[in-house]
Amino acid sequence: PTSQWCGPSPPSFRPDLLLVRAEALTLAPQWAGVKSTPLAVECNSVVGAFARWGGTAGWKTALLAGAERSLLRAADAVGAVSAGLVERIAQRYRLPRERLFVVPNGAWIPAAPGGPGPDARLAARRRGGLPEDAFVLAFAGNLHPVQGLDLLLDALARSAPSEAGPPVHLWIIGDSPLRGGLERRSAELGL
């Protein structure tokens, strides 16, 4: 599919489906209702719980949760990234299960010439300056307290290197205002 046009919708514009991310203050339900367009929502967390975890004030958390409830109840379909999140959404907002789907996060990575065999793995380790026998943990996403990366750093610092096993390395791919704190914590722990 291709898109030829961006900007305010001309009066005749009507898509077959409106797909939005579960942003707290979106106008998608109103737009979909006016245009009689099916609304699908991608959900990566329960906004209220996410906000509470991040220390957002109670009244703001309640406002965000109310906006999310309105969005998800207006949706014709809600895709969540895990079965557990589908359960939380169904229970919290009393949504019919037939409108909820698991759509796991993922990335499409084209295969290396000759396929993604051991040579591609070794090449990635070499580019990262890692030994060939390294055990690599990778995280890719937004850096947010709910991700628990601080706990992962603490756990890695407590796990003693073993002569019996390969060295463990953690690659964190992502960004947010928390990045500096995570980098400082990693340095403090000697990681």
Screening LEU100, LEU25, LEU18 for residues that are modelled with pLDDT under 65, more than 16 Å from the chain's Cα centre (by Cα) and within 28 Å of ALA140 (Cα to Cα) leaves only LEU25
How many residues of region 126-160 are open to solvent by 40 Å² or more (accessible area, probe 1.4 Å), part of a loop (DSSP other than H, G, I, E, B) and over 20 Å from GLY190 (Cα atoms)? The answer is 4
Checked against (1) modelled with pLDDT under 85; (2) closer than 14 Å to ARG21 by Cα, ALA77 satisfies every condition except (1)
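Based on what the data block shows, is LEU170 in a strand (DSSP E or B), at pLDDT 80 or above and surrounded by 14 or more Cβ atoms within 10 Å (Cβ to Cβ)?
Working: in a strand (DSSP E or B): yes; at pLDDT 80 or above: yes; surrounded by 14 or more Cβ atoms within 10 Å (Cβ to Cβ): yes.
In short, yes.
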Across (1) loosely packed, with under 13 Cβ neighbours inside 10 Å; (2) within 21 Å of SER45 (Cβ to Cβ); (3) of a type in the set (Gly, Ala, Ser); (4) modelled with pLDDT of 80 or more, ALA123 clears everything bar (2)
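Within region 70-78, is even one residue in contact (Cβ under 8 Å) with a residue 12 or more places away in the chain, open to solvent by 40 Å² or more (accessible area, probe 1.4 Å) and either farther than 15 Å from VAL46 by Cα or assigned to a loop (DSSP other than H, G, I, E, B) (or both)?
Applying the first criterion (in contact (Cβ under 8 Å) with a residue 12 or more places away in the chain) to region 70-78 yields 70-78.
Applying the additional criterion that residues be open to solvent by 40 Å² or more (accessible area, probe 1.4 Å) yields 70, 73-74, 76.
Among the residues that remain, those that are also either farther than 15 Å from VAL46 by Cα or assigned to a loop (DSSP other than H, G, I, E, B) (or both) are: 74, 76.
Yes.
The values are calculated or read from the model by the stated rules, or taken from the named source; none is laboratory data. Nothing here was measured: the structure is a model prediction, and the numbers come from that model. Using ideal geometry, Cβ is built from the backbone for each residue, glycine included, and neighbour counts are taken over all protein chains shown. Just so you know, the surface numbers come from the protein's heavy atoms only, side chains and all, with ligands and any DNA or RNA stripped out. Shrake-Rupley method; radii C 1.70, N 1.55, O 1.52, S 1.80 Å.
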